[in-house]
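The next block holds one structure in the form of structure tokens; read it before the comments.
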């Protein structure tokens, strides 16, 4: 089965600082990869998804970006974080079922 | 467009009893998949069960079963013999026929199991 590695688990960053969250996948090839964000006590909001290397679809216009440099690597980035970027970020990989990483709790201060 | 509705923000159930978490969906695609996930307080999303739109039988996985009523567009999760460890948020999700489309999630139901 798939294993999704996501790090760091928690992150506190000042407003205006850059961001890089990495997600790697084991146990499958050519998965669809996703970044979701979850505000406290809320559902999951799809941010980006990728069906292959270099292919990124953005669902929500914002100051975040995503890249997929390798088949099983998905990176979420920002050049300058905003307070509203705080939340719980989840990476997911899907062939049929979607499996999730452990998540990164980001607090922008 | 896809849409997932979970109308129960919170539910309580007595330990060892069964509980049903509601989920309705809306899609114009005849081929789709339905998923349930459990999110404990740690935040991880745990896959529970999957139902394909063309599956003839309701999906079951241990104490979890999916009550799939296609005509009513509902995909309720049934948890039998509730345990204290079942206390968590539960999310219903759907993807439409294209294998590349992402999962769309409902807003979730918080289940609390009472001893």
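For region B:82-89, the criterion of being within 14 Å of chain A (Cβ to nearest Cβ), within 11 Å of residue B:25 (Cα to Cα) and surrounded by 13 or more Cβ atoms within 10 Å (Cβ to Cβ) is met by no residue. Of the numbered conditions (1) buried (at least 21 other Cβ atoms within 10 Å of the Cβ); (2) away from chain B (no Cβ under 14 Å); (3) out of contact with any helix residue (DSSP H, G or I) (no Cβ under 8 Å at 6 or more places or on another chain), residue A:64 fails exactly one; give the number of that condition. Against the list (1) buried (at least 21 other Cβ atoms within 10 Å of the Cβ); (2) away from chain B (no Cβ under 14 Å); (3) out of contact with any helix residue (DSSP H, G or I) (no Cβ under 8 Å at 6 or more places or on another chain), residue A:64 comes up short only on (3). Taken together, the residues in region B:47-56 that are more than 7 Å from chain A (Cβ to nearest Cβ), at pLDDT below 95 and over 14 Å from residue B:97 (Cα atoms) amount to 1.
Under the condition of being more than 10 Å from chain B (Cβ to nearest Cβ) and part of a strand (DSSP E or B), which residue from region A:48-61 is nearest to residue B:43 (Cα to Cα)? Ranking the qualifying residues of region A:48-61, first place goes to A:58.
When each of A:25, A:12 is tested for being buried (at least 17 other Cβ atoms within 10 Å of the Cβ), more than 14 Å from chain B (Cβ to nearest Cβ), part of a strand (DSSP E or B) and touching a residue at least 60 places away in the same chain (Cβ under 8 Å), the lone residue that passes is A:25.
Take residue A:51 and tell me if it is surrounded by fewer than 20 Cβ atoms within 10 Å (Cβ to Cβ) and touching a helix residue (DSSP H, G or I) at 6+ places or on another chain (Cβ under 7 Å). Taking the combined requirement at face value, the residue does not satisfy it.
The residue of region A:67-100 that is farthest from the chain's Cα centre (by Cα), among those that are within 8 Å of chain B (Cβ to nearest Cβ) and under 14 Å from residue A:8 (Cα atoms), is A:88.
The values are calculated or read from the model by the stated rules, or taken from the named source; none is laboratory data. What you see is a predicted model, and the numbers here were worked out from it, not measured in a lab. Here Cβ is always computed from backbone atoms with ideal geometry, including for glycine, and neighbour counts include all displayed protein chains.
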